[in-house]
1. Among DSSP bridges having both ends in the chain, what percentage is antiparallel? Round to the nearest 5.
2. Reported to two decimal places, what Rg/Rh ratio describes region 222-355 when computed on Cα atoms with Rh from the Kirkwood expression?
3. Taking a threshold of 22 Å on the Cα-Cα distance, which of the pairs 151/315; 167/222; 20/62; 151/222; 109/274 fall above it?
4. Explain nothing, just the number: relative contact order of region 224-317, from Cα pairs under 8 Å at least 6 residues apart, as a whole percent.
5. Could you list 252, 202, 194 in order of exposure, starting from the residue whose Cβ has the fewest other Cβ atoms within 10 Å?
6. Quick one: if you take sqrt(5λ) for each eigenvalue of the C-alpha gyration tensor of the chain, what semi-axes come out, biggest first, whole angstrom?
7. If you average the sequence gap of Cα pairs under 8 Å that are 6 or more apart and divide by the length of the chain, what percent do you get for the contact order?
8. Just in region 14-94: which chymotrypsin sites (Phe, Trp or Tyr not before Pro) are loop by DSSP and have at most 15 other Cβ atoms within 10 Å?
Amino acid sequence: MLFGKPKSQLGVDIGTSNIKIVQLHPQDNQFVLETYGLVNISFQIGSKDNGSAITQTAQILKTLMAKAGVTTNKVVASLPNSSVFTSVIDMPKIPQEELKIAIESEAKKYVPLPLEEVALSWSVIEQKKTKITKDTNLGSLAKPGMDNRIKVLLTAVPTIVIDNYVKVFQQAGLEPQALEIEALSLIRSLVGADTNLNMLIDIGAKSSTINLVDEGYLRVSKNLNVGGDTVTTSIAQSLSVNFARAEQFKKDFGLTGQGQQIPQVMRPILDIIKNEAQKLISLVESRGERIDKIMLSGGGVKLPNLKEYFSVFGKPVVMANPWSAVTYPASLKPVIEPLGLNLAVAIGLAMRHME
């Protein structure tokens, strides 16, 4: 499926259940879709030196790129949420040289691994509001009105994870331009120029994230070890069927839209996500702020009445649209639009450095 021309970038999202790729090039303040692809996988690269998984992943990626007709070897890729430690920390406004030392010292409180075993990166979040600053465990809050403080997005990734991903791309004949956390890719493709304070709930196969985005900056990212596969497992146990049949039940329910509510068997899993979102909303509102809307993304949100399920918070709930800044042939719309929520991370990756 090749639609474009050179001067392009490839976004690669290696998830826990599939690999997604999107190739874009910029044109007139938008992006043009050149090609895309998706393939299921049954194994993960992991955080160990797993040579077999690395080789298999690289081969599958090469095959997928060949089928899609990828024309660039420049790649930006995401790192799995399960392997990334992310915090937004409150720091004093001090000279850059001193700030670097202070952040590295502060990082020891947030990163559950020796710092020599991780790649540590950080960036100052420049925004007008300074009311909330929190770690991923929803811990500390900055005091309002503290203009002599700044907020810093701190990210730590085990070096073995980075090494494994780099090996995959090298074996696939690609040149990695950057690796980034999924939340940043989602903000780029889904939030765009929206400057409101929004909550972005992304439900994947094995995990979900609740992100608070303010003026285009990530303020909070909470990772939960539940996702679409967790729902399927719950269905399988409840109905005493195997995983494949339970997955089909979930898909059939989504396709037919039978029933007016989320089936009871799915609720305990979705309630975990809803309850964590409620904690964050309450925390935000206790600081005198208001979340404008809730955006849903990820392959796990394709259930009927899910928007209504999350409307309990009394805020507008929308299905995020990663194609809003991307053009493609009208004939592809019936195929492309349903895949948008699955490809959102890969789309955001392909946009990086080309905005």
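Please treat every number below as a calculation from the coordinates, not as lab data. Predicted, not measured: the structure shown is a model, and the values here were computed from it. As a convention, Cβ positions derive from the backbone with ideal geometry for all residues, glycine included, and neighbour counts pool all protein chains shown.
1. Details: 47 of 66 bridges.
Looking only at bridges with both residues in the chain, the antiparallel portion is about 70 percent.
2. Numbers: Rg = 16.9 Å, Rh = 16.8 Å.
My calculation puts Rg/Rh at 1.00.
3. Values: 151/315 27 Å; 167/222 28 Å; 20/62 12 Å; 151/222 17 Å; 109/274 28 Å.
Going by Cα-Cα distance, 151/315; 167/222; 109/274 fall outside the 22 Å limit.
4. Working: 65 pairs, mean separation 30.1, N = 94.
Relative contact order here is 32 percent.
5. Values: 252 10, 202 29, 194 15.
Ranking 252, 202, 194 by Cβ neighbours within 10 Å, fewest first, gives 252, 194, 202.
6. Numbers: eigenvalues 180, 143, 89 Å².
They are 30, 27, 21 Å, listed from largest to smallest.
7. Working: 680 pairs, mean separation 75.2, N = 355.
Computed over the chain, the figure is 21 percent.
8. Details: sites: 31, 36, 43, 85; in loops: 43.
Here the sparse-neighbourhood loop sites are 43.
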